[in-house]
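Visitor: Quick one: this structure, given as structure tokens, is what I'll be asking you about.
The values are calculated or read from the model by the stated rules, or taken from the named source; none is laboratory data. Given the structure is predicted, the values throughout are model-derived calculations rather than measurements. Ideal geometry is used to build each Cβ from the backbone, glycine not excepted, and the neighbour counts take in all protein chains shown. Only protein heavy atoms, including side chains, enter the accessible area calculation; ligands, DNA and RNA are left aside. Shrake-Rupley method; radii C 1.70, N 1.55, O 1.52, S 1.80 Å.
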Amino acid sequence: MVRKKVAILIFPGVELLDFCGPYEVLSACRLDAARRREDPSPFEIVLAAETLEPVVCANGPRFLPDTLLADCPLPDVLLVPGGLGVRTHINNAPLIDWLRTVGSRVETLAGVCTGSMLLGKAGLLDGKRATTHFASLQWMRDLFPAITVDDDSHVVTDGRILTSAGISAGIDLAFRIVAQYYGQAVAQATARHMEYPYRTDNRRRY
């Protein structure tokens, strides 16, 4: 099995569930649920950051990155979470340049919550439909007029780019990624293992 390489960006002030939710989905995925203990996930995941220092999340926990952005091999999937730190890092030119370069080359690009704002800053959502946390929809609309902001959807897919509503919506976005690569049956089996409802209703939930 050739595993899909996934890079998840983390940065100071990142929202914990924005990246841990998708991480759990992608790492829990198995192509054959009966061989869960024997086979690995078809996704190989790394946490990528600007430094290898512990990253302090918006709500306190610390995580150790697996790789520097500069050393991160080109992934198949790049996932960008949000959090309070977005307000600072939206003006972090080296980080935005890295996102612009890598995000334009990956097979699948995903923004969770206000992570979509970082993708917008990099110009990766211009001419696309996208969404973000409900409290930041107007911020997205004001800052990036080239984006068609979707107020009503839980997860928005526009070509190779997926964006989601806030925080827990990243879990549902990750199931979309599983289904995109390996089919809905595998995504549903992953949700069953996690004892998480596999939702087909894509209306925003708040």
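Visitor: What does the helix-only formula give at 222 nm for the chain: each DSSP H stretch with n ≥ 4 adding -39500 (n - 2.57), the total divided by the residues, and the result rounded to the nearest 500 deg cm²/dmol?
Guide: -9500 deg cm²/dmol
Visitor: Under a Cβ-Cβ cut-off of 12 Å, what is the net charge of the residues other than residue 59 that fall near it, where Lys and Arg count +1 and Asp and Glu count -1?
Guide: Charge balance in the 12 Å sphere: -1.
Visitor: What accessible area per residue, rounded to a whole number of Å², is obtained for region 1-82 using a probe radius of 1.4 Å?
Guide: It amounts to 47 Å² per residue over region 1-82.
Visitor: Using the alpha-carbon centroid of each, what span in Å lies between region 15-46 and region 82-132?
Guide: Here the two parts' Cα centres lie 23 Å apart.
Visitor: Also, quick follow-up: Could you look at the chain and say what percent of its accessible area is carbon and sulfur, using a 1.4 Å probe and all protein chains?
Guide: Looking at the chain in its full context, I get 51 percent from C and S.
Visitor: Dipole magnitude of region 74-179 about its Cα centre, charges +1 at Lys/Arg Cβ and -1 at Asp/Glu Cβ only, in debye to the nearest 20?
Guide: For this selection, approximately 200 debye.
Visitor: Return the aspartates and glutamates within reach of residue 4: Cα separation strictly under 12 angstrom, same-chain partners fewer than 8 residues apart disregarded; answer none if there are no such residues.
Guide: Correct list for residue 4: 44, 76, 107.
Visitor: Here is a follow-up. Please provide three numbers in whole Å: the alpha-carbon extents of region 30-180 along the principal axes, with the largest listed first.
Guide: Taking max minus min along each principal axis of the Cα atoms, region 30-180 gives 49, 34, 31 Å.
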